[in-house]
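Asks: Just passing along the structure, written as structure tokens.
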Amino acid sequence: MSSILVVEDEAAIAELVSINLRHAGFDVTIAASADQAQAAVDAVLPDLVLLDWMLPGQSGLALAKQWRASARTRELPIIMLTARGDEADRVAGLDAGADDYLAKPFSTKELLARIRAVLRRKAPEALDSAVEIEGLKLDPATRRVTREVDGTLRELKMGPTEFRLLHFFMTHPERVHSRTQLLDRVWGDHVFIEERTVDVHVKRLREALQPAGCARLIETVRGAGYRMAQRLVATAGGGD
């Protein structure tokens, strides 16, 4: 049974969501503030967090950033629940580290579909062998991405979605993948996920690769999608 932490300060909404989740077979804990949520996560790491944006005290957005900055909670799956439905707010939520974003009001069916999709993404690559391109090495067993820079082996930090995205690119190099194909292969169930989500995570992946000088390996193919090159070229281009 997967455990879900519902972080929501409106008691009626929290109770309704928790009842539906329990009926669907999930173990549910409710937190009404960022402090309560942090205490719950410190006690037992849940399988997934439904995190409201607007909370008393610290915002859900700040809490998501805080969890992504900690080694223990870096890969904690997070779905943000919020009344803020503008594209800029959705992008802000994804940039803060959320795996998905659901604007209120939402249907129970859609919520459950998104939860199942995020949980399915968690760890299917764990037994895969390591892959390497241009000195960039990804090891699914240890969930580490490394590259030697100026004689020093550097470990690159990235979120779980960026890790899965990089793993897919590295195991399918030189092929152009549309946003729809990436949603299908990396996210698994994209019926409720916008293509814009892919652009946000590709941007974050490039930022994570930048310290090792590998950002340009992820190329934008205008009008088609994205491709991972097998070699870095000396001239700039194709990586913006």
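All of the numbers you see were taken from the coordinates with simple rules; none came from a lab. Quick caveat: nothing in here was measured; it's all calculated off a predicted structure. With ideal geometry, Cβ positions are generated from the backbone for all residues, glycine too; neighbour counts draw on all protein chains shown.
Asks: Efficiency by 1/(1 + (r/R0)^6): what FRET value for ASP27 and ARG222, r their Cβ-Cβ distance, R0 = 51 Å, to the nearest 0.05?
Replies: After rounding, the FRET efficiency stands at 0.65.
Asks: Tell me, what is the FRET efficiency for ASP150 and LEU119 to the nearest 0.05, using R0 = 51 angstrom and their Cβ-Cβ distance as r?
Replies: 0.80
Asks: Distance from a point 7 Å along Cα→Cβ of ALA83 to each backbone N in region 31-71: keep the residues under 18 Å and list them by number.
Replies: Under 18 Å, as judged by backbone N against the label point of ALA83, lie 32-34, 51-61 of region 31-71.
Asks: What list do you get for MET228, MET80, MET54 if you sort them by fewest beta carbons within 10 Å?
Replies: MET54, MET228, MET80
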